[in-house]
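Just so it is clear, none of the values below were taken in a lab; they were calculated from the coordinates. These numbers were taken from a predicted model, which means no experiment stands behind them. Glycine also receives a Cβ, built like all others from the backbone with ideal geometry; neighbour counts cover every protein chain displayed.
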Amino acid sequence: MISPLSLANGLTLLFALLCLWTSASQSRGGITTLGRLALPGGFSVIVALMLLASVFETSIFHDVLWLASFVVGSFLGRRRGWALPVRTDKTTGLLWLPRTIDGVVASLILVAAMSIDFISALAGELIVEPAYIAAISALCGGFLGYRVLVIALRSIRPGGGPSELSRLA
């Protein structure tokens, strides 16, 4: 069953586009703050939770699919967060990140899934099962959310003093 077009469809697409926009600005690398770094992950987790709440005909399979997708995405995001070379300046709270494309790719997948969901609701025709759309969003949300969580934990852990980032800012 496909639900009619509602505000939730528009909001999930809007949050996915915001996720892409903020990920694209970070993909160039450079110096940023922890708050700006957290935006794509936050937007993607909001989308995943909104879609989890909006699946009408749910079953244990759909719940397990969503949870498994979130766990896989979280594992991949955690691995990527540890693999990224990050430099931090504890005195100013600035972080330096290298150029990456992984956040943009996850955000593009999220935008594509939300576009399919929006078009399905607009046309009233089921293109992809809503539970699978929710699982894709959980995968992307887990990846982006845990990626930023690990980077944040790495940046605030004790040790190290001022770095060259304070001179660049």
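Observations on the model:
- Per-residue extension of 0.36 nm, minus the Cα-Cα distance of LEU67 and THR91, leaves a gain of 4.8 nm for this segment.
- Over the C-alpha atoms of the chain, the Rg to Rh ratio, Rh being the Kirkwood estimate, stands at 1.06.
- Alpha carbon centroid spacing (whole Å) that separates the range 96-113 from the range 52-94: 13 Å
- Helix 7-27 and the long axis of the chain differ in direction by around 30°, with both axes built from C-alpha atoms.
- Here LEU14 and LEU126 are evaluated by their C-beta separation; at R0 = 22 Å the FRET efficiency comes out at 0.50.
- Taking other Cβ atoms within 10 Å as a rough exposure proxy, PHE75, PHE143, PHE118, PHE15 sort from fewest to most as PHE75, PHE118, PHE15, PHE143.
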